[in-house]
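The block underneath contains the structure these notes are about, expressed in structure tokens.
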Amino acid sequence: RLIITISGKTAEQMAQEYGFTQEQLGYLAELLSDDYEELWCGLPSGGGSDDIVTVALSQVGNVGGQPYWSWYGFSSRVEWCACFVSWCGDQCGYIESGVMPKFSYCPYGVGWFKSRGQWNGQGYIPEPGMIIFFDWNHDGESDHVGIVESCDGIYVHTVEGNTTGDMCKQNTYSVGYSGIMGYGMLQHQ
């Protein structure tokens, strides 16, 4: 097994590491100014979001899913895994801003991400905050959905609603697990 750990550095740390001249530091400062914020925000993010993971983790232990399916608009309990994922996204403002759809039917969520080119299939190494879709019976249609908490390249750690015990809980799967259909990537506007 090969495990690669990637860590980030700030622009200033990289400038120091590469020995930027005063002129280069001036260009860097200009590029990082508020004048260019729109340019940087338009670049694709990694496809995940720590915010949605934080919200999902705060719900671990909920039994029955009542706040999620009732928020969605259902008057009684339904299979609520997608309602949970949508609710978490809504808490981050992602539905209103178009980062992700509001959905209660897993195949709709898959179609939404695929139609926008924001999809990676089985075997992909996901980032925290990506939306993980499952196809338990291997018929090409998603049966369940959750949120990626983390991935170390070998295991995908998730937060899911409507899972074992009718609750929100954390689960772990191998990256190559056959029940994983793929991942929806969040593209921040």
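The values are calculated or read from the model by the stated rules, or taken from the named source; none is laboratory data. Quantities reported herein were computed from a predicted structural model and do not represent experimental measurements. Every residue, glycine as well, gets a Cβ built from its backbone with ideal geometry; the counts of neighbours run over all protein chains shown. Ligands, DNA and RNA are excluded from the accessible area calculation, which covers all protein heavy atoms including side chains. Shrake-Rupley method; radii C 1.70, N 1.55, O 1.52, S 1.80 Å.
What does the charge add up to near Gln66, with Lys and Arg as +1, Asp and Glu as -1, over the other residues with Cβ less than 11 Å from its Cβ?
Numbers: positive: Arg77; negative: Asp166.
Charge balance near Gln66 sits at 0.
Between beta-carbons, use under 14 Å as the cut-off and find the net charge around Lys169, counting Lys and Arg +1, Asp and Glu -1.
Working: positive: none; negative: Glu149, Glu160, Asp166.
After counting each charged neighbour, the total is -3.
Can you tell me the FRET efficiency between Ser70 and Gln24 if r is taken as the Cβ-Cβ distance and R0 is 45 Å, rounded to the nearest 0.05? Walk me through the numbers before you get to the answer.
Values: r = 55 Å, r/R0 = 1.23.
After rounding, the FRET efficiency stands at 0.20.
Taking the mean number of other Cβ atoms within 10 Å as a proxy for protection, how do you rank 158-171, 131-144 from highest to lowest? Don't jump to the answer; show the numbers that get you there.
Numbers: 158-171: 19.0, 131-144: 17.5.
Order by mean packing, descending: 158-171, 131-144.
Carbon and sulfur: what percent of the chain's accessible surface (1.4 Å probe)? Mind dumping the intermediate values first?
Working: 5280 of 10350 Å².
It is 51 percent, rounded to a whole number.
Sum -39500 (n - 2.57) across every DSSP H segment of at least 4 residues in the chain, then divide by the residue count to get the 222 nm mean residue ellipticity, nearest 500.
Values: 7 runs with 58 residues, N = 189.
Dividing the helical sum by the residues of the chain leaves -8500 deg cm²/dmol.
Could you compute Rg(Cα) / (2.2 N^0.38 Å) for the chain, with N its residue count? If you can, show how the numbers build up before the last one.
Values: Rg = 18.9 Å, N = 189, 2.2 N^0.38 = 16.1 Å.
In units of the globular-protein estimate, the chain measures up at 1.17.
Just order 59-70, 12-23 by mean Cβ neighbour count inside 10 Å, highest at the front, would you? Before the final figure, lay out the partial values.
Values: 59-70: 16.7, 12-23: 10.6.
Going by the mean number of other Cβ atoms within 10 Å, highest first, we get 59-70, 12-23.
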